[in-house]
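Working notes, beginning with the structure itself.
Derivation of every value follows stated rules applied to the coordinates shown; laboratory data play no part. In this text the structure is predicted, and so the values were computed from the model without any measurement. FYI the Cβ positions are ideal-geometry reconstructions off the backbone, even for glycines, and counts take in every protein chain you see.
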Amino acid sequence: MSEKDLDSARETNSNHIVPCGLLRRLGIMLYDALVVLALLILAAALAMAVGFDSATALKDWDYTLYLLSVWFFYLAWCWRKGGMTVGMRAWRVRIQNENGDFPGWGQCLVRFVASFISAAAAGAGFIWSVFESRKRCWHDILSRTQLLRY
């Protein structure tokens, strides 16, 4: 989606903003999980090629941090560059901050870390969106971002 299209969508949605619901979020997560899995497999293959062949995720902190950074940079780059990941594009959802812009790197990092908290609390951070008026999850609130349908 071009910048002009996004500006047009922002103008259209400024009068009628449609937040992204939980089921659509889960669909997005499923699509993006496939992309992230492929990226992590490539990252692991690259790590093995340079000598990390005996490293184990969640056991070796440096290898775990490497894989998490690959995951983070995929999401953050997509959010910063075009306001959507592959899954978000398929489900016609974009991310924006409180100013209507794409989130900054700091917001992306807060969102990424906070999403683990949302999930780790037995999914309570995601379920929160069902009861919240703007359908925001904990990581949306903490990062001051929101997912909107277009």
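The residues neighbouring PHE73, those whose beta-carbon lies less than 14 Å from its own, together hold a net charge of +2 under the Lys/Arg +1, Asp/Glu -1 convention. Once the chain from LEU23 to ARG89 is taken as fully extended at 0.36 nm per residue, the excess over their C-alpha distance is 22.2 nm. Long hydrophobic helices in the chain, taken as whole DSSP H segments with a C-alpha length of 15 Å or more on their own axis and mean Kyte-Doolittle hydropathy at least -1.0: 22-49, 61-82, 105-120.
Mean separation of Cα pairs under 8 Å and 6 or more residues apart, divided by the residue count, gives the chain a relative contact order of 29 percent.
Compared with the alpha-carbon gap, the fully stretched path from THR56 to SER69 is longer by 3.1 nm at 0.36 nm per residue. Using the alpha-carbon positions of the chain, Rg (one decimal) and Dmax (whole number) come out as 16.4, 55 Å. Estimated at 0.36 nm per residue, the fully extended path between ALA124 and LEU42 surpasses their Cα-Cα distance by 26.3 nm. With only Cα atoms counted, region 32-74 has Rg and Dmax values of 9.9, 28 Å. Between VAL35 and GLU132, the FRET efficiency estimated from the beta carbon spacing at R0 = 25 angstrom works out to 0.35.
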